[in-house]
Amino acid sequence: MTTKKSTSPPPPPSGPSSCLRDESRLEGFASEIKNPADHRTFLDLARKCLARGEPMTFQGARTGLAGGAVPQGGTAVGLGALDRPVALEKGPGGFELLVQPGYTLAALRRDLARRKFDFISPGRASRAEKVLAEFQRGSYFWPPDPGEAAATLGGAASTNAAGPNAGFRGPAGGHIAGLNFLFSDGEERPVRRGEHVFREGALRLPDGRTLEADPRALGLPPTADLTDILIGSQGMYGAVTGVRLRLSPAPAHVWGLVFFAGSEQRAAAFMELFLDSPPEPLVSLDYLDKASLDVVAEMRGKASRLAEIPDLPGTARGAVLAEFQSMDEGLIEQASLAALRFCQEAGLDPDDSWALTDAETDKMRMLRHAVPEGLGGRLDRVRAQGFPALRTSTDFTVPGRGLGELLSEYRRDLEGGGLPAVVYGHAKDNHLHVNVIPENDGQVARAGELARHWLERAKKARGGLFVEHGVGKLRRELFLEAESPERIAALRSLKKTLDPNNLFNPGNMFA
């Protein structure tokens, strides 16, 4: 179905089409909205747009928080119907699963758990069936955990999605073996890791052209390859049409521990003890402040699925969520004993804690995910009152600092600005998300000033600047201010080479 829209930004509508916004609540506009039903239809559409010079904005599930999938004119192209697994293969490094861009994390987890994929035709002798039979003798998973189960794998590749365990396992890109990619000449080509590698500042593109760039200026290692450029590029260089996932043996045991603290500083001291001597099976360590727990309490009254979460202690002023994964349950038991020791050393009450095993750990994930979901609801309520609010949220790491010291600085700055905030995030490298939902222009200005101040502090600490949610359109101005002129120039040159007519996701990162 095609919906006609004006080619210039309209006044803020009371009920914008969901295809013209994402979870950030940024609203866009498009001349057409297209949702191709299959791969061939998508390629035909994209090639027609390229031929007539029509800009395209590619969309997955629109779960992003930076406005990357929000169109600013041209055609909005939804890839949600391209949602199938394509092939399972066995290579030297193990099993690889090729999926379409609209295949979701929830579908991936379901299919891996049942060890069955819809692309296999039962009863037919083939290499694919032999690979599947070998696969079914084990248990496998995709290690990244971006958090939002409705997110698509194309979106995860386009943003190099991170999440709770990224500090320990790295972002999505490290677990992607290759892409299928639509380039600006309208051709779809496979791009594998280890191919098209930089050598002396140049790499050979799949179409035979040479791309000249200093990978270090792009924030990449000298031996980076084309997949490193395309993963995390937010649709600026073309469309991800397939993602080749590297699967790993699934841990036999998964435990979750949730500790509640009577003060933020005690929670910080507990996390610092954890990070000073991280137990081997630890894969994520997250923090929720008192305001985050209040958001969860609000959500429990509105979302029936959250009834599975145990009651939160009324005295809690913060929560620490730790997840452990291992083939050896004994290692997790030792790590849990270490966590209890840290708990007592930091002055927390071990009785105010949850111990969750295997399938029960979903309750911990629900607790964690309820916070950004609830913040979206709060943002909607402010906007319904007539103020076009957009959330200010930090997304950088500040390594080398004490977590308690950093939290105290955030609190002083917020109090000085008169800004209520919700703070949650990942303890590793101090990757906290400070969220402010402004209710007037003065709060917007003060939140922006603090975001710039905090970003400068992260730069001085040599931390990552836009780590988990990408730049998109919402953080474009901050990105252009914060990044070095050398990196901006290198990225603009790359955009000019791979998308010379600026037809792919215009407005992301650059104006």
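The values are calculated or read from the model by the stated rules, or taken from the named source; none is laboratory data. Just so we're clear, the structure is a prediction, and the values are computed from it rather than from any experiment. For neighbour counting, all protein chains shown are included, and Cβ atoms are generated from backbone atoms with ideal geometry for every residue, glycine included.
Would the stretch 414-425 turn up any residue that is among the charged types (D, E, K, R) and either crowded, with 23+ Cβ neighbours inside 10 Å or more than 22 Å from GLY167 (Cβ to Cβ) (or both)?
Yes, the stretch 414-425 has at least one match.
Quick grid of which residues meet (1) under 15 Å from the mean Cα position of the chain (by Cα); (2) assigned to a loop (DSSP other than H, G, I, E, B); (3) not assigned by TED's automatic domain parsing to the domain that holds LEU406:
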position: ALA445; (1), (2), (3): no, no, no
position: ALA451; (1), (2), (3): no, no, no
position: TRP454; (1), (2), (3): no, no, no
position: PHE466; (1), (2), (3): yes, yes, yes
position: HIS469; (1), (2), (3): yes, yes, yes
position: GLY472; (1), (2), (3): yes, yes, yes
position: GLU477; (1), (2), (3): no, no, yes
position: GLU481; (1), (2), (3): no, no, yes
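Of all residues in the stretch 300-321 being at pLDDT below 90 and not in a loop (DSSP other than H, G, I, E, B), which is farthest from ASN165 (Cα to Cα)?
SER304
What number of residues within the stretch 364-397 satisfy the criterion of being under 21 Å from ALA346 (Cβ atoms) and among the hydrophobic types (A, V, I, L, M, F, W, C)?
2
Give me the pairs: first residue in the stretch 232-251 and closer than 13 Å to LEU153 by Cα, second residue aromatic (Phe, Trp, Tyr) and in a loop (DSSP other than H, G, I, E, B), beta-carbon distance under 6 Å, and six or more apart or on different chains, which are they?
From the stretch 232-251, the pairs are LEU245/TRP142.
Considering each of GLY256, GLY219 in turn, give the residue that is surrounded by fewer than 17 Cβ atoms within 10 Å (Cβ to Cβ), under 23 Å from the mean Cα position of the chain (by Cα) and more than 21 Å from PRO500 (Cα to Cα).
Going through GLY256, GLY219 in turn, the sole match is GLY219.
All but one of (1) in a loop (DSSP other than H, G, I, E, B); (2) at pLDDT 95 or above hold for ARG110, so report the exception by its number.
If we test ARG110 against (1) in a loop (DSSP other than H, G, I, E, B); (2) at pLDDT 95 or above, just (1) comes out false.
When you look at GLU188, is it of a type outside the set (A, V, I, L, M, F, W, C), within 30 Å of LEU43 (Cα to Cα), at pLDDT below 95 and over 22 Å from the mean Cα position of the chain (by Cα), yes or no?
When the stated conditions are applied, GLU188 does not pass them.
Looking only at the stretch 229-259, which residues are closer than 24 Å to VAL471 by Cα, in contact with a strand residue (DSSP E or B) (Cβ under 7 Å, 6 or more places away or on another chain) and outside any strand (DSSP E or B)?
LEU230, ILE231, GLY235, MET236, TYR237, GLY238
Can you name every residue in the stretch 392-422 that is modelled with pLDDT under 95 and touching a strand residue (DSSP E or B) at 6+ places or on another chain (Cβ under 6 Å)?
THR392, SER393, THR394, THR397
Return yes when LEU285 is part of a strand (DSSP E or B), in the same structural domain as ARG401 (by TED's automatic domain parsing) and under 27 Å from PRO399 (Cβ atoms) and no when it is not.
So LEU285 fits the description; yes.
Looking at this structure, is ASP413 among the charged types (D, E, K, R) and either at positive phi or part of a strand (DSSP E or B) (or both)?
Spelling it out, it is not the case that ASP413 is among the charged types (D, E, K, R) and either at positive phi or part of a strand (DSSP E or B) (or both).
Could you check, for the stretch 132-139, whether at least one of its residues is surrounded by 17 or more Cβ atoms within 10 Å (Cβ to Cβ), more than 23 Å from ILE231 (Cα to Cα) and touching a residue at least 40 places away in the same chain (Cβ under 8 Å)?
yes
Kindly indicate which of ALA303, ALA307, ALA297 is in contact (Cβ under 8 Å) with a residue 60 or more places away in the chain and out of contact with any Cys (no Cβ under 6 Å at 6 or more places or on another chain).
Working: ALA307 fails: in contact (Cβ under 8 Å) with a residue 60 or more places away in the chain; ALA297 fails: in contact (Cβ under 8 Å) with a residue 60 or more places away in the chain.
Just a single option satisfies the conditions, and that option is ALA303.
Output the residue which, of all residues in the stretch 446-468 that are of a type in the set (A, V, I, L, M) and in contact with a Pro (Cβ under 7 Å, 6 or more places away or on another chain), is surrounded by the most Cβ atoms within 10 Å (Cβ to Cβ).
By that ranking, first place goes to ALA447.
Consider ALA157 carefully, then state whether it is at pLDDT 95 or above, surrounded by 14 or more Cβ atoms within 10 Å (Cβ to Cβ), touching a Pro at 6+ places or on another chain (Cβ under 9 Å) and aliphatic (A, V, I, L, M).
Taking the combined requirement at face value, the residue satisfies it.
Take the conditions at pLDDT 90 or above, crowded, with 22+ Cβ neighbours inside 10 Å and within 28 Å of PHE274 (Cα to Cα) and apply them to VAL471. Does it pass?
No.
Out of all the residues in the stretch 343-371, which are more than 30 Å from LYS302 (Cα to Cα), touching an Asp or Glu at 6+ places or on another chain (Cβ under 9 Å) and part of a helix (DSSP H, G or I)?
CYS343
Would a scan of the stretch 317-336 turn up a residue that is without any contact (Cβ under 8 Å) to a residue 40 or more places away in the chain, among the aliphatic types (A, V, I, L, M) and surrounded by fewer than 15 Cβ atoms within 10 Å (Cβ to Cβ)?
Step one: list which residues in the stretch 317-336 are without any contact (Cβ under 8 Å) to a residue 40 or more places away in the chain, which gives 330, 333.
Cutting the leftovers down to among the aliphatic types (A, V, I, L, M) gives us none.
Scanning the stretch 317-336, I find no residue that is without any contact (Cβ under 8 Å) to a residue 40 or more places away in the chain, among the aliphatic types (A, V, I, L, M) and surrounded by fewer than 15 Cβ atoms within 10 Å (Cβ to Cβ), so the answer is no.
Against the condition outside the structural domain of ALA150 (by TED's automatic domain parsing), loosely packed, with under 14 Cβ neighbours inside 10 Å and in contact with a strand residue (DSSP E or B) (Cβ under 7 Å, 6 or more places away or on another chain), how does ASP380 come out, does it pass? Before the answer, list the steps.
Details: outside the structural domain of ALA150 (by TED's automatic domain parsing): yes; loosely packed, with under 14 Cβ neighbours inside 10 Å: yes; in contact with a strand residue (DSSP E or B) (Cβ under 7 Å, 6 or more places away or on another chain): no.
No.
Within the stretch 83-122, can you find the residues that are hydroxyl-bearing (Ser, Thr, Tyr) and exposed (fewer than 15 other Cβ atoms within 10 Å of the Cβ)? Explain how you work it out, then say what you get.
Of the residues in the stretch 83-122, the ones hydroxyl-bearing (Ser, Thr, Tyr) are 103-104, 121.
Answer for the stretch 83-122, where residues must be hydroxyl-bearing (Ser, Thr, Tyr) and exposed (fewer than 15 other Cβ atoms within 10 Å of the Cβ): just SER121.
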